[in-house]
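Just below is one structure, and these are the notes that go with it.
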Amino acid sequence: MPKEENDLMEKIVSLCKRRGFVFPSSEVHGGFAGFYDYGHYGVAFSTNIKDSWWKEFVETRIDIYGLNSSIILNPKVWEKSGHVASFSDPMEGGSGFNVMFKTSVGAGEEATTAYLRPETAQGIFINFKNTVDAYHPKLPFGVAQIGKAFRNEIAPRDFLFRQREFEQMEIEYFIRPEDWEKYFEYWRVEMLHWLESIGIEMKKVHELEVPENERAHYSKRTVDFEFDFPFGRKELFGLAYRTDFDLKNHGLDYLDEETGEKLVPHVIEPSLGVDRMILAILVSAYTEDKLGGEARTFLKLAPAIAPVKVAVFPLLKNKPELVKKAREVFTAVKGEIPACEFDDNGNIGKRYRRQDEIGTPFCVTIDFDTLKDDTVTVRDRDTAEQERIKVSDLKKYIHEKIQ
Ligand code: GAP
């Protein structure tokens, strides 16, 4: 990896730890390769990304239903899905190592071997009949799920990129077989559009047509959407045409209630990793510039996904009248914009630096003029420019800017 890119990864990993986004798991006991913990800002950040996805693909649509299935499924699911036979990483010497984590369910002699799910998708397939019976959807329709997935990766690496426990956001979109090309293209465009909306640097995204011998066992066509990570061009998410492979293997079909026709729907699957999205957004947002001759670092996050939207400070923490007024303003703003922070640690310069690194789009400062004319300064993260705003206009002002 070129030195500059290596530095960028180190800087991102270090910022994530220093500012409470991501911690290496189990660090007090020497760490644990392939596992990470999200801190306060990391949780807010990933929740915002998942909310944006859910809003775009479930809430604002009428053809996609939500699901939260169990992580441990009847082990037969993974036999039927082909994962027991085929979900392997190639090992030296040509043998395969199945990357599904095994666990055991039940006690003593009754115990059966089960698996932690390596993809959320199977929970969707095995609930196909429940979905149809509950909502009577007409083709095409989809089911979306966000949840943890587990893979015993032989070589976890590159921070959040390749972990052993990670989160997926998947849609299984059920279609008539003859429509597969149309919906493959449809989902390709939908996904790119969403990536752009949450702040992925689109010139770093590249599509790779995955050749047949490298596709998953269930796929007839896969396009990998790769991203220029600092450690190379690697898969950010995938779009697959899973045919009727899964429904057929689970013995499921669909009855068109209007025509009486029975068929096994085919499936288009856009599948994203939450953690890889987080890393790609961090890479896209990480910025260094100079302010008043001093180097600064900031995360240029879209306001919708920034963990904190606005921070409120008293100019000086040892002036009770400023602190009191700042508390009042903070309480009023927080009532309307919950992702709002109060900060009176250190000096004002330190507070700006901290909020810049968290990616907070706006900082509000209460100073001596506030006490006289009820105005505050609002500092823009990207330009570092300040505007004076009336306290009575503040909530509206911020609201409009973070939409
Ligand atoms: N249901 C289809 C499926 O699971 P996949 O390409 O194996 O397909 C989908 O995984 C997405 O999950 C990937 O594009 C990636 O974003 C994420 N992902 C897969 N393995 C991962 C890992 N070890 N660590 C982090 N994310 C991973």
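Data table
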quantity: Odd one out for ALA121, checked against (1) touching an Asp or Glu at 6+ places or on another chain (Cβ under 6 Å); (2) of a type in the set (A, V, I, L, M, F, W, C); (3) surrounded by fewer than 19 Cβ atoms within 10 Å (Cβ to Cβ); calculated: (3)
quantity: Candidates GLU178, GLU185, GLU167, GLU207 - the one that is without any contact (Cβ under 8 Å) to a residue 24 or more places away in the chain, in a strand (DSSP E or B) and either surrounded by 15 or more Cβ atoms within 10 Å (Cβ to Cβ) or at negative phi (or both); calculated: GLU207
quantity: Residue selected from the stretch 90-138 under the condition within 19 Å of ASP244 (Cβ to Cβ) and among the hydrophobic types (A, V, I, L, M, F, W, C), by the criterion nearest to the chain's Cα centre (by Cα); calculated: ALA121
quantity: The stretch 86-100 - residue that is open to solvent by 30 Å² or more (accessible area, probe 1.4 Å) and part of a loop (DSSP other than H, G, I, E, B) and, of those, modelled with the highest pLDDT; calculated: PHE87
quantity: Pick from the stretch 243-281, criterion farther than 30 Å from TYR36 by Cα, within 16 Å of the ligand (Cβ to nearest atom) and of a type in the set (A, V, I, L, M, F, W, C), ranking: surrounded by the fewest Cβ atoms within 10 Å (Cβ to Cβ); calculated: PHE245
quantity: Considering residues of the stretch 154-189 that are acidic (Asp, Glu) and within 16 Å of the ligand (Cβ to nearest atom) only, the residue nearest to PRO137 (Cα to Cα); calculated: GLU172
quantity: Residue among GLU196, GLU269, GLU190 that is part of a helix (DSSP H, G or I) and either in contact with a Pro (Cβ under 8 Å, 6 or more places away or on another chain) or closer than 21 Å to PHE125 by Cβ (or both); calculated: GLU190
quantity: Residue pairs meeting the criteria (Cβ under 9 Å; at least 6 apart or on separate chains; first under 21 Å from GLY335 (Cα atoms), in the stretch 378-403; second of a type in the set (Asp, Glu) and assigned to a helix (DSSP H, G or I)); calculated: LYS390/ASP373; VAL391/GLU328; LYS395/GLU336; ILE398/GLU336; HIS399/GLU336
quantity: Single residue of the stretch 139-161 satisfying the filter (more than 20 Å from the chain's Cα centre (by Cα) and without any contact (Cβ under 8 Å) to a residue 60 or more places away in the chain) that is nearest to TRP180 (Cα to Cα); calculated: ASN152
quantity: Residue within the stretch 354-372 that is under 30 Å from the mean Cα position of the chain (by Cα), surrounded by fewer than 21 Cβ atoms within 10 Å (Cβ to Cβ) and under 20 Å from LEU316 (Cβ atoms) present; calculated: yes
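Residue by residue, here is whether (1) touching a residue at least 24 places away in the same chain (Cβ under 8 Å); (2) more than 18 Å from GLY20 (Cβ to Cβ); (3) within 27 Å of the chain's Cα centre (by Cα) holds:
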residue	(1), (2), (3)
ASN318	no, yes, no
VAL329	yes, yes, no
CYS340	yes, no, yes
LYS350	no, no, no
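The values are calculated or read from the model by the stated rules, or taken from the named source; none is laboratory data. None of these values were measured; they are calculated from a predicted model. Note that we place each Cβ from the backbone using ideal geometry, even for glycine, and neighbour counts take in every protein chain shown. These accessible areas exclude ligands, DNA and RNA; they are computed on the full protein's heavy atoms, side chains included. Shrake-Rupley method; radii C 1.70, N 1.55, O 1.52, S 1.80 Å.
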